[in-house]
Amino acid sequence: MKKLKLILILIVGLSFEIQAQELDVNLQIRPRFEYRNGYKQLLQEGQEGTSQISQRSRLNFNYKQEDLIVKLTLQNTRTWGDVAPTAPADKNGVAVFEAWAQYNFTEKWSARMGRQVLSYDNQRILGEQDWGQQAQSHDALTVSYHTEKQKLDFGGAYNSTAENVVQTPYTVASYKTLQYAWYHNQFNSELGLSFLVLNTGYEYAPLPAPATKLLVDYMQTFGPYLTYKKGKIDTSFWLYGQTGKSTDQQVSAWNAAANIGYNITDAFKLGLGYEFLSGKDSNDGSTVIKSFNPIFGTNHGFNGYMDYFYVGNHLKNVGLQDAFLKLNYNVNKWQFALIPHVFLAAADVATPLPANEKLDSYLGTEIDATFGYNFKKNITVTGGYSQMFGSSTLEFVKGGEANHTNNWAWLMISVDPRIFSWKK
């Protein structure tokens, strides 16, 4: 028996010698305090703001063996106090955020399967949504072809609620099936161009219909994303269209934006931007969906940090125009930003028929101020303050009282140490 054990140890040891291997283990602890006083929507008469602390705790395992790469990310998200100090079990438990295996067939071709993040370009359509403590990942299969200047990704997903034996409604608040293709060409150090095509299928039961009849409607989102950087100037442009069907309704919507930045000094940067997301007139009686949906985008990073638009809200509405200014200042370990936004409706806003009184398209102005500080290696502190100065039109569209002081403040500490690293 002792000889057998020795032989097994030698075999394992020889395999380790033959195959190059790497293992990294990283930890993230990220608590965030928030004071919400008109966050996402205007406060209503008699309502008061609230405060809470949320936390993400993550453990990342990254393993590489020659052409095989594997990643496993476990996480727990919680609100401080959501379980009692003596609770025998956690409310949310431990979830699998990422669990994928990738095989590199050649230096250019690879395939990845499992729970993974789908994030492209500026994350307007497909992103990680890292601001949310839970973030966003997909059960998918992706195939990639990457060269020095060109990248091509294909991906697909097919979702079910369980291992069923008969047709069963998909009750998760997500898509039933997804396919996409993304191509990027970095022409040179200055000019880059991407093109994304995304097809999403959502299951629904038509009415009236037998309970067993389930249909899937497909919506397509597609368009280019362009970046140009030269000297002190950097710009980005995108134009996305949406077509297809959603719950048996035709979709016809679009999104366009332009951003330009200028480095006044090494520390100070000025930026201007404008984004248009199509909407539907408030008294439009047609069944066509004309409101653009940035479907899986990192929407917290767009249209103001107070999340009044497109962060789980403002869908199938009057759309949005967002004109904004960005002021960034970085010095030593500090980063500061000031971003004022002016919001307008992208479609007509009017009182209900028969009055049909047209309202001003101006929705409000939001001021976002943020800071960041690199406290120590693997420790960063970030925070911010935002205030929404809403209009009577915003009251009409979203409810609430614009006369209230609607503001939001937050402070977040992120601790991201590497706790283990091994290479052979």
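Return the residue satisfying two criteria in turn: it lies in the range 363-394 and is under 21 Å from GLN44 (Cα atoms) and over 27 Å from the mean Cα position of the chain (by Cα), and of such residues it is surrounded by the most Cβ atoms within 10 Å (Cβ to Cβ).
Looking at residues that are under 21 Å from GLN44 (Cα atoms) and over 27 Å from the mean Cα position of the chain (by Cα), I get THR393.
In the range 93-111, how many are charged (D, E, K, R) and in contact with a Gly (Cβ under 9 Å, 6 or more places away or on another chain)?
1
Name the residues in the range 193-204 that are under 18 Å from PHE222 (Cβ atoms) and either free of Cβ contacts under 8 Å to residues at least 60 places away in the same chain or touching a His at 6+ places or on another chain (Cβ under 7 Å) (or both), would you?
LEU193, SER194, PHE195, VAL197, ASN199, GLY201, TYR202
Would you confirm whether or not the range 49-70 contains a residue that is crowded, with 16+ Cβ neighbours inside 10 Å, among the β-branched types (Val, Ile, Thr) and at pLDDT 95 or above?
yes
Return yes when ASN188 is part of a loop (DSSP other than H, G, I, E, B) and either in contact with a His (Cβ under 9 Å, 6 or more places away or on another chain) or modelled with pLDDT of 95 or more (or both) and no when it is not.
yes
Could you tell me which numbered condition LYS2 fails, if it satisfies all but one of (1) modelled with pLDDT of 95 or more; (2) surrounded by fewer than 15 Cβ atoms within 10 Å (Cβ to Cβ)?
Unmet for LYS2, out of (1) modelled with pLDDT of 95 or more; (2) surrounded by fewer than 15 Cβ atoms within 10 Å (Cβ to Cβ): (1).
Consider TYR202 carefully, then state whether it is at negative phi, outside any loop (DSSP other than H, G, I, E, B) and surrounded by 15 or more Cβ atoms within 10 Å (Cβ to Cβ).
yes
Within the range 224-243, restricting attention to residues that are under 19 Å from THR200 (Cβ atoms), touching a residue at least 40 places away in the same chain (Cβ under 8 Å) and not hydroxyl-bearing (Ser, Thr, Tyr), which residue is surrounded by the fewest Cβ atoms within 10 Å (Cβ to Cβ)?
Within the range 224-243, the match that is surrounded by the fewest Cβ atoms within 10 Å (Cβ to Cβ) is TRP238.
Among the residues of the range 375-405, which ones are touching a Phe, Trp or Tyr at 6+ places or on another chain (Cβ under 8 Å) and either part of a strand (DSSP E or B) or closer than 30 Å to LEU27 by Cα (or both)?
Within the range 375-405, THR380, VAL381, THR382, GLY383, GLY384, TYR385, SER386, GLN387, MET388 qualify.
With (1) closer than 20 Å to GLY132 by Cβ; (2) modelled with pLDDT of 95 or more; (3) among the aliphatic types (A, V, I, L, M) as the list, and LEU325 as the residue in question, which single condition is left unmet?
Going through the list (1) closer than 20 Å to GLY132 by Cβ; (2) modelled with pLDDT of 95 or more; (3) among the aliphatic types (A, V, I, L, M), LEU325 breaks only (1).
Out of curiosity, is THR221 among the polar types (S, T, N, Q) and under 19 Å from the mean Cα position of the chain (by Cα)?
Yes, satisfied.
Tally the residues that are of a type in the set (S, T, N, Q) and crowded, with 16+ Cβ neighbours inside 10 Å, restricting the search to the range 133-161.
So the answer is 6.
Quick one: how many residues across the range 300-330 are crowded, with 23+ Cβ neighbours inside 10 Å and not in a loop (DSSP other than H, G, I, E, B)?
1
Could you say which residue among ALA157, ALA111 is among the aliphatic types (A, V, I, L, M) and under 27 Å from GLY301 (Cα atoms)?
Unique residue meeting the criteria: ALA157.
Could you grab me the full set of residues in the range 246-259 that are in a strand (DSSP E or B) and surrounded by fewer than 16 Cβ atoms within 10 Å (Cβ to Cβ)?
GLN249, GLN250, ALA258
The values are calculated or read from the model by the stated rules, or taken from the named source; none is laboratory data. These numbers were taken from a predicted model, which means no experiment stands behind them. All Cβ positions, glycine included, derive from the backbone under ideal geometry; neighbour counts span all protein chains shown.
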